[in-house]
1. Quick check on my filter: what residues within region 292-324 are part of a loop (DSSP other than H, G, I, E, B) and either open to solvent by less than 10 Å² (accessible area, probe 1.4 Å) or of a type in the set (S, T, N, Q) (or both)?
2. Looking only at region 366-376, how many residues end up being open to solvent by less than 50 Å² (accessible area, probe 1.4 Å) and farther than 15 Å from Ile355 by Cβ?
3. Does Ile216 qualify as being open to solvent by 20 Å² or more (accessible area, probe 1.4 Å) and of a type in the set (Val, Ile, Thr)?
4. Looking at Pro73, Pro86, which is the one that is over 16 Å from Arg322 (Cβ atoms) and either touching a residue at least 24 places away in the same chain (Cβ under 8 Å) or not aromatic (Phe, Trp, Tyr) (or both)?
5. Just name the residue that is surrounded by the fewest Cβ atoms within 10 Å (Cβ to Cβ) out of those in region 201-213 that are part of a helix (DSSP H, G or I) and at pLDDT below 95.
6. For Leu367, work out the one condition from (1) in a helix (DSSP H, G or I); (2) free of Cβ contacts under 8 Å to residues at least 60 places away in the same chain it doesn't fulfil.
7. Step by step: first the residues of region 340-360, then only those that are at pLDDT below 95 and part of a loop (DSSP other than H, G, I, E, B), then the one that is nearest to Pro297 (Cα to Cα). Which residue is that?
8. Considering only residues of region 243-269 that are of a type in the set (Ser, Thr, Tyr) and closer than 23 Å to Leu374 by Cα, which is least open to solvent (accessible area, probe 1.4 Å)?
Amino acid sequence: MYTKLVSSVLFPLHEQLKRHSSVALRRELESSQWFNTDKLAAIQLYKLNQFMLSIGQHVPYYRGLFADLGVVPGQFKSVTEIAQLPLLDKATIRNAGPLLQADNAGPLSLFNTGGSSGQPLQFMVGKQRKSHDIAAKWRATRWWDVDIGDKELVVWGSPIELKAQDRMKQFRDTLFRSQLLPAFAMSEQHLKGYIDDIRRFSPTMLFGYPSSLSLIARYAKLHNITLSDLGIKVAFVTSERLFENQKTLISEVFACPVANGYGGRDAGFIAHQCPHGGMHISAEDIIVEIIDKLGNPLPAGEVGEVVVTHLATAEFPFVRYRTGDLACLATDPCPCGRHLPLLESIEGRTTDFIIAADGTTMHALSLIYVLRELSNVAEFKIIQESQFHTRLLLVMQSDVDNASIDFIRRNFHQRLGDIQLDIEFVTQIPREKSGKFKYVESKVGVTWDYA
């Protein structure tokens, strides 16, 4: 009854006072998700042309760009024609500055990315973009039979959220039954208190970084603390790559399914997993392209960089924005019956690469999977100081044994060649400033450069 009150009355009132249109948008999205692919494509094309007309008229950067390229906005016959526009990256956004802001923009908020893969990006977000992101996330939440107003335990670390913990937000979170645990303080001495808070709060759903939720789950399992009796329906994870062992551990300890989400502050709410396993793209608002190293669009089934056009960002446009992530479009539909396109093989950042001694570039997963095979490794971080020097930080669950260390050294040298490998045993590995956990840090400057 209380959840119904919040989702049907209190939260819609909250959104109305903030001049957000998220309630109406969520209803539209819950209808359009069942449209056939042709109808969804028609909606996407119409929105794209309206978006292009708006930014071509009101955004100085794109007004000039369209004139230089001879592009007539609003005349696309297919969504694929967007490929004639240049890619947008963080450097371009920084250089363009106020030229990317529409001259008819309403109130805008300054946002920052976490900067975990480089210099943070500052950009502006309007109420339309906020409303669309809220609606898309809300729709995905309801796929799992939970709603705004159900008890939500959030393990998060973004400075934006934490700075906002003023009295008004605390009141709102209490009203909507959402409790925040900071992901910054995930040390051994804090984990028992976190688990006590979870048991006391008894949430219906969890939301957080997979590394943080799996760390709590691992602590509970190690100390024989039961969390499977809380009645948690789902654990939503986002902002980091979800590894299979993390998913298994979280699901086992909390006795609930794990739903993966994909997006970012800059790119928006891109895709979310449904109970049937499909990573559905929020296609009514977002166009996703997968491109190769030369910037050419790739067909479904081929892995490349994720490029996003957010159709609700006319006040500060994100057009063909390079996310720096690798994934591919799915070739088969989801059995759930929704016709939203699907993402597969979300493989993390294009910067998650390392260089072997012979100059070979390889994905860091080749080393991560070595460490995942060892059950006595609780946490790790790989730091490539140079092409010939790598440090490995290890938090062990049990005593160090020579067999495990020999296994690590043998496999690392097989992949990296003749390098100096320093293994350091630590009690804790600090999170990034954003609260995320970074498994790999390369100081060699590996990038996925485009010609």
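1. The answer is Asn296, Ala312, Thr313, Pro317.
2. The total comes to 5.
3. Criteria not met by Ile216.
4. Answer to the check: Pro73.
5. So, considering only residues that are part of a helix (DSSP H, G or I) and at pLDDT below 95, the one surrounded by the fewest Cβ atoms within 10 Å (Cβ to Cβ) is Pro210.
6. Only one criterion is unmet by Leu367, namely (2).
7. Looking at residues that are at pLDDT below 95 and part of a loop (DSSP other than H, G, I, E, B), I get Thr350.
8. Only one residue tops the list, namely Ser251.
The values are calculated or read from the model by the stated rules, or taken from the named source; none is laboratory data. Note that the coordinates shown come from a computational prediction; the quantities given were computed from them, not determined experimentally. Glycine also receives a Cβ, built like all others from the backbone with ideal geometry; neighbour counts cover every protein chain displayed. Please note that ligands, DNA and RNA were not included when accessible areas were found on the heavy atoms of the full protein model with its side chains. Shrake-Rupley method; radii C 1.70, N 1.55, O 1.52, S 1.80 Å.
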